[in-house]
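Presented below is the structure to which this report refers.
Please treat every number below as a calculation from the coordinates, not as lab data. Given the structure is predicted, the values throughout are model-derived calculations rather than measurements. All Cβ positions, even for glycine, are placed from backbone atoms using ideal geometry, and neighbour counts span all protein chains on display.
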Amino acid sequence: MTSALRLLVLCLLALLSATALAGCGNRLEIRTQGDTEGLYIDISELKYQVQVSRILNPADVEDRAYLRGVAPGDGQPTADENWFAVFIRVQNTGSETRPTASQFEIIDTVEKKYRPVRVDNDFAYRARPLQPKGIIPTPDSLASEGPVQGSLLLFKVENESLQNRPLEFRIVSPENPDEVGIIDLDV
């Protein structure tokens with residue numbers, strides 16, 4: 001076999017391999033775990049994304065807006081606690097209305113768990129049925145147009161847990177409690 005023929009055969013084999021691999025790309029990847037914020041994860045046919053997570057400073061003008069409407073029973077953090085915000089985005093890319101998650105928690109590396117406190121303001125996340133092509137936060141809302149462009153889940157987290165990283169943010173499927181999405185938070 002001449003070198004030109006050998007080269008042609010090798011090129012054809014490479015082209016066939018690339019075509020076969022490209023066919024595998026038709027499947028959508030389903031991801032239920034994110035190693036970092038910013039990645040979308042799939043839960044009950046919805047896509048969830050942590051836009052950003054961070055400690056809130058009540059003395060900061062922007063952060064005070066996020067803290068308005070904290071339920072009186074949830075009180076202020078103690079000296080050993082901080083307000084911690086997780087801003088999320090939810091997207092329904094399907095063709096059916098789907099319920100959004102209402103159960104969230106943060107877990108540190110020693111298994112200390114935190115659940116969101118109740119907050120009622122324009123930035124707060126509210127679970128609801130999400131129409132096809134729908135997005136939370138609602139486009140043109142204060143939360144979607146704000147600096148973070150996500151809906152707020154507010155937690156009181158002990159200072160010690162901020163040292164026990166990575167913190168895992170868990171989202172429980174509203175349709176199947178055994179389906180849990182996990183995102184490592186950048187603290």
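One chain, two ends: Asp63 and Glu145. Fully extended at 0.36 nm per residue, the span grows by 28.0 nm beyond their Cα-Cα distance. In a Debye calculation with equal point scatterers on the alpha-carbon sites of region 29-185 and no solvent, what is log10 I(q)/I(0) at q = 0.10, 0.19, 0.20 Å⁻¹? Log10 of I(q)/I(0), two decimals: -0.34, -1.24, -1.36.
In summary, the lysines within cross-link reach of Lys113, defined as a Cα separation below 25 angstrom excluding same-chain residues under 8 places away, comprise Lys47, Lys156. Spacing of the modelled spin labels on Thr36 and Ala71, each 7 Å from Cα toward Cβ, amounts to 3.5 nm.
Name the trypsin sites (Lys or Arg not before Pro) in region 48-131 that are in a loop by DSSP and that have at most 16 other C-beta atoms within 10 Å, would you? When the trypsin sites (Lys or Arg not before Pro) of region 48-131 are filtered for loop state and at most 16 Cβ neighbours within 10 Å, Arg68, Lys112, Arg118, Arg126 remain.
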